[in-house]
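Q: Below: one structure in structure tokens.
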Amino acid sequence: MPHQDLRQSERFLTQYTPPKIDGDFTGKHIISVEQFGRRDLQILFDATISIRKRLTQHDRGLLHLTAGRLMATLFYEASTRTDLSFQAAMRHLGGEVVAASNGVQFSSIYKGENLADTVRAVGCYADVIVLRHPDVGSSYEAAYYLDLLRSQVSRQPVVISGGDGVGEHPTQALLDIFTIFDFKHQIDGLNITLVGDLKHGRTVHSLAKLIARYEAQDTTVNFVAPDALQMPRSVIEFLRQKNIAVRETDDLQDVLGETDVIYWTRVQEERFEDPAEYDAIKDRFIMTPPVLAHARPDAILMHPLPRKNEMGTPADHDELDADPRAVYFRQMENGMFVRMALLAKVLGGLWV
Ligand code: ASP
């Protein structure tokens with residue numbers, strides 16, 4: 001499938017400034033965790049808890065917060081959880097979902113249409129576009145062109161990023177920080193350890209930055225990665241500026257015993273140009289039941305999934321899944337609740 005030059009999207013990182021939420025989500029593109037502050041996250045946590053309660057306890061399927069509104073999914077990269085949880089979220093809220101009938105590869109993208117035009121075409125039909133694209137800055141580019149479109153059409157479409165290449169995955173970070181809050185009832189004072197491919201993993205970039213945006217107090221973030229897969233310096237600097245204590249190590253045992261939240265990640269095979277480099281590093285950090293045995297009894301084990309060998313064999317998966325500290329299925333389910341809250345807020349839903 002043809003896709004545009006990386007620099008084409010990347011230049012929008014400086015050309016377009018995403019709107020700050022500042023307590024009001026209505027009509028705003030959601031493309032970076034940098035839009036959020038502590039109060040915004042608290043509002044989103046409250047809305048998520050309220051929606052979850054309403055959906056699971058009272059009137060399941062009877063939420064009408066986005067009735068009459070349309071969400072389009074535009075996924076240029078593979079997805080299971082982000083795609084399906086957004087679709088489920090929109091439907092549970094009473095809204096509708098559209099997508100290219102045979103996937104984006106058989107839309108006009110196949111004919112060479114660029115992102116700017118495709119996204120505006122979709123913006124003519126849908127109120128919200130969930131975009132996943134391999135290029136860093138692609139959701140910034142989409143937001144820029146949708147803003148231009150707004151003066152020409154009747155809708156005021158917004159884009160929500162479902163992941164920009166190795167850049168950011170803001171809604172994953174929102175569901176991740178919510179899950180930490182859900183289990184630990186706070187973000188302040190925690191010891192949080194991110195492990196694995198911190199170089200290419202967009203979820204860890206976004207989560208680390210979001211912890212800083214939350215301005216968590218007395219919180220330590222440990223980055224555990226081999227030399228070749230370290231967290232970008234810019235992210236580490238950002239945390240330090242916000243007074244988050246940062247520790248970098250390539251030995252999990254240095255930090256595991258004091259960790260409240262273990263966030264495990266996959267080595268992002270698709271981001272390596274040389275398969276030999278991937279092979280050399282893919283087995284460096286493997287979470288197995290004997291490794292988890294060294295963690296605190298009240299720690300939680302998170303993972304954005306999908307998982308491959310970084311959680312051992314399928315038998316290891318089964319054993320880890322049965323450990324009460326493994327919360328990644330709850331994390332996954334929270335993804336839908338958080339995205340419901342976000343869609344309701346962005347589309348101007350009422351009571352949440
Ligand atoms: N699902 C996550 C993402 O899209 C994590 C991963 O793929 O490893 O970034």
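Q: Highest mean first, what order results for 268-276, 193-201 on Cβ atoms within 10 Å?
A: Ranking, from highest mean packing down: 193-201, 268-276.
Q: I want to verify a result. In a Gaussian network model of the chain, Cα cutoff 10 Å, which of these has the top mean-square fluctuation: 108, 206, 85?
A: Between 108, 206, 85, it is 108 that shows the largest mean-square fluctuation.
Q: Cross-link partners among lysines for residue 184, C-alpha distance below 24 Å, same-chain residues fewer than 8 apart left out?
A: 53, 209, 242
Q: Taking the Cα centre of segment 207-251 as origin and charging only Cβ (+1 Lys, Arg; -1 Asp, Glu), how large is the dipole, in debye to the nearest 20?
A: Around 280 debye, computed over segment 207-251.
Q: Per-residue counts of other Cβ atoms within 10 Å, averaged by peptide: what ranking do you get for 214-225, 283-294, 169-180, highest first?
A: Final packing ranking: 169-180, 214-225, 283-294.
Q: Continuing with the same structure: Please give the calculated 222 nm ellipticity per residue for the chain, where each DSSP H segment of at least 4 residues contributes -39500 (n - 2.57) and the sum is spread over every residue; nearest 500 deg cm²/dmol?
A: Calculated from helices alone, the mean residue ellipticity at 222 nm is -11500 deg cm²/dmol.
Q: Place the peptides 131-144, 44-57 in order of packing, highest mean first, counting for every residue the other Cβ atoms within 10 Å and averaging per peptide.
A: Descending mean neighbour count gives 131-144, 44-57.
Q: In addition: Over the chain, give the accessible area per residue in Å² for a 1.4 Å probe, as an integer.
A: Ligands and nucleic acids excluded, the figure is 42 Å² per residue.
Q: Starting from the Cα gyration tensor of segment 294-335, take the square roots of the eigenvalues, sort them a ≥ b ≥ c, and report rounded, prolate or oblate (rounded when a/c is under 1.5, otherwise prolate if a/b is larger than b/c, else oblate).
A: In terms of gyration-tensor shape, oblate.
Q: Which angle between 0 and 90 degrees, to the nearest 10, do you get for helix 170-184 versus the longest principal axis of the chain when only C-alpha atoms count?
A: Computed tilt is about 50 degrees.
Q: Going 7 Å from the Cα of residue 270 along its beta-carbon direction, which residues of segment 69-87 have the amide nitrogen within less than 20 Å of the resulting point?
A: What the label zone holds, given the 20 Å backbone N cut-off, is 72-87.
Q: Sticking with this one: Give the distance, in whole Å, between the Cα centre of segment 205-219 and the Cα centre of segment 305-352.
A: Their Cα centres are 19 Å away from one another.
Q: Based on the alpha-carbon gyration tensor of segment 196-352 and its eigenvalue square roots a ≥ b ≥ c, which shape applies: rounded if a/c is under 1.5, prolate if not and a/b is larger than b/c, or oblate?
A: Because its axes are fairly even, with a/c under 1.5, segment 196-352 counts as rounded.
Q: Among 130, 57, 82, whose Cα sits farthest toward the positive end of the charge dipole of the chain (+1 at Cβ of Lys/Arg, -1 at Cβ of Asp/Glu, about the Cα centre)?
A: With unit charges placed on the Cβ atoms, the residue in question is 57.
Q: Quick one: length gained pulling residue 233 to residue 24 fully straight, 0.36 nm per residue minus the C-alpha distance?
A: 72.1 nm
Q: Using only the Cα atoms of segment 264-351, build the gyration tensor, take square roots of its eigenvalues as a ≥ b ≥ c, and label the shape rounded, prolate or oblate: rounded if a/c is under 1.5, else prolate if a/b is larger than b/c, else oblate.
A: Oblate is the answer for segment 264-351, as a/c is 1.5 or above yet b/c matches or exceeds a/b.
Q: Counting Lys +1, Arg +1, Asp -1, Glu -1, what net charge surrounds residue 81 among other residues with beta carbon under 14 Å of its beta carbon?
A: Taking every other residue near residue 81 into account, the sum is +2.
Q: Hey, what angle do you get for helix 328-346 against the long axis of the chain, alpha-carbon based, 0 to 90 degrees rounded to 10?
A: Result, in degrees: 30.
Q: Could you state the angle between the C-alpha long axis of helix 138-150 and the longest principal axis of the C-alpha atoms of the chain, as a value from 0 to 90 degrees rounded to the nearest 10?
A: Compared with the principal axis, the helix lies near 20 degrees.
Q: Picking from 337, 300, 313, whose Cα lies most toward the positive end of the charge dipole for segment 241-352 (charges on Cβ: Lys, Arg +1; Asp, Glu -1)?
A: Of the listed residues, the answer is 337.
The values are calculated or read from the model by the stated rules, or taken from the named source; none is laboratory data. From a predicted model like this one, the values you see are computed outputs, not experimental measurements. Virtual Cβ from ideal backbone geometry, glycine too; neighbours counted across all protein chains shown. Side chains included, ligands, DNA and RNA excluded: accessible areas come from the protein's heavy atoms. Shrake-Rupley method; radii C 1.70, N 1.55, O 1.52, S 1.80 Å.
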